[in-house]
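For reference, the structure is listed below as structure tokens.
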Amino acid sequence: MPHTQLPRETGSSGFLLRAATPADLPAVAPLWETAWLDGHRDRVPDELMALRDSDHFAHYAARWVSVTTVATENAGNLIGLVIVGPDDGEVVQLAVERDARGRGVGTALLQAAETRLSSAHREAWLAVVPGNTKARRFYELHGWHDTGRIVHHAPTRTGTVAVPVHRYVKPLSISYS
């Protein structure tokens with residue numbers, strides 16, 4: 001799936017979306033870990049919490065760098081990221097630094113993921129833990145629909161952990177680029 005640079009400026013809270021590079025990895029992994037903990041602490045099985053340590057995020061950030069879009073501020077500081085599954089239309093992770101939330105960064109990253117996925121998929125999907133009501137509202141406001149509860153097999157470096165989630169989907173317009 002091609003990944004092109006996606007410049008985007010937004011008013012006084014300007015930021016740029018672009019493809020992640022290996023040089024971003026030292027900032028991607030900690031941002032992803034912090035945002036993931038914000039949405040998942042006390043909402044997922046203890047087993048998953050124990051396996052999602054800093055090494056997990058560093059490993060998967062490196063593995064998925066080619067399917068990651070990052071948001072940076074004017075000074076180049078990383079403030080958000082979105083990772084898409086290269087095979088099945090999944091939005092694997094959307095993460096925005098706490099101080100950058102509410103500035104349109106998450107919306108821009110989600111739109112970038114939808115655009116990228118639309119070149120190969122008719123529908124995008126993502127998983128949200130039931131207790132993460134902020135994320136659930138965010139996705140619903142952006143046209144995503146909760147199709148009900150499923151058990152998601154969350155990847156770890158040693159296998160998977162079964163996690164009850166809500167599966168959200170959104171139809172995509174196919175782009176024949």
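Side notes on the structure shown:
- Whenever a residue of the stretch 84-109 is closer than 15 Å to residue 60 by Cα, its partners that are of a type outside the set (S, T, N, Q) and surrounded by fewer than 16 Cβ atoms within 10 Å (Cβ to Cβ), lying with C-beta atoms within less than 6 angstrom and at least six residues away or across chains, give the pairs 86/1.
Let's see how each residue does on (1) touching an Asp or Glu at 6+ places or on another chain (Cβ under 9 Å); (2) surrounded by 20 or more Cβ atoms within 10 Å (Cβ to Cβ); (3) part of a helix (DSSP H, G or I); (4) at pLDDT 95 or above:
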{"site": "107", "(1), (2), (3), (4)": "no, no, yes, yes"}
{"site": "110", "(1), (2), (3), (4)": "no, yes, yes, yes"}
{"site": "114", "(1), (2), (3), (4)": "no, yes, yes, yes"}
{"site": "138", "(1), (2), (3), (4)": "no, no, yes, yes"}
{"site": "147", "(1), (2), (3), (4)": "no, no, no, yes"}
{"site": "151", "(1), (2), (3), (4)": "no, no, no, yes"}
{"site": "164", "(1), (2), (3), (4)": "no, no, no, yes"}
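- The single condition among (1) under 23 Å from residue 21 (Cα atoms); (2) touching a strand residue (DSSP E or B) at 6+ places or on another chain (Cβ under 9 Å); (3) of a type outside the set (Val, Ile, Thr) that residue 63 does not meet is (2).
- Residue within the stretch 63-79 that is closer than 18 Å to residue 159 by Cβ and either surrounded by 15 or more Cβ atoms within 10 Å (Cβ to Cβ) or among the hydroxyl-bearing types (Ser, Thr, Tyr) (or both) present: yes
- Matching residues in the stretch 116-125 - criterion: being more than 24 Å from residue 22 (Cβ to Cβ) and either out of contact with any Phe, Trp or Tyr (no Cβ under 7 Å at 6 or more places or on another chain) or crowded, with 19+ Cβ neighbours inside 10 Å (or both): 118, 121, 122, 123, 124
- In this structure, residue 95 does not qualify as small (Gly, Ala, Ser) and surrounded by fewer than 20 Cβ atoms within 10 Å (Cβ to Cβ).
- Residues (part of a helix (DSSP H, G or I), modelled with pLDDT of 90 or more and either surrounded by fewer than 18 Cβ atoms within 10 Å (Cβ to Cβ) or β-branched (Val, Ile, Thr) (or both)) located in the stretch 1-37: 22, 23, 25, 26, 28, 30, 34, 36, 37
- Selection of the stretch 49-62 for residues being assigned to a helix (DSSP H, G or I), surrounded by fewer than 18 Cβ atoms within 10 Å (Cβ to Cβ) and not small (Gly, Ala, Ser) yields 49, 55, 59.
- The set of residues in the stretch 63-94 being in a helix (DSSP H, G or I) and in contact with a helix residue (DSSP H, G or I) (Cβ under 7 Å, 6 or more places away or on another chain) consists of 65 alone.
- Pairs, first free of Cβ contacts under 8 Å to residues at least 24 places away in the same chain in the stretch 38-59, second in a helix (DSSP H, G or I) and surrounded by 15 or more Cβ atoms within 10 Å (Cβ to Cβ), C-beta under 8 Å, six or more apart: 41/49; 49/40
- Taken over the stretch 124-177, the criterion of being closer than 25 Å to residue 63 by Cα, more than 16 Å from the chain's Cα centre (by Cα) and of a type in the set (D, E, K, R) is satisfied by 157 alone.
- Taking first residues from the stretch 14-25 that are of a type in the set (Ser, Thr, Tyr) and partners that are in a loop (DSSP other than H, G, I, E, B), no Cβ contact under 9 Å between residues at least 6 apart in sequence or on separate chains turns up.
The values are calculated or read from the model by the stated rules, or taken from the named source; none is laboratory data. It should be emphasised that the depicted structure is a prediction, and the values quoted were computed from it without experimental measurement. FYI the Cβ positions are ideal-geometry reconstructions off the backbone, even for glycines, and counts take in every protein chain you see.
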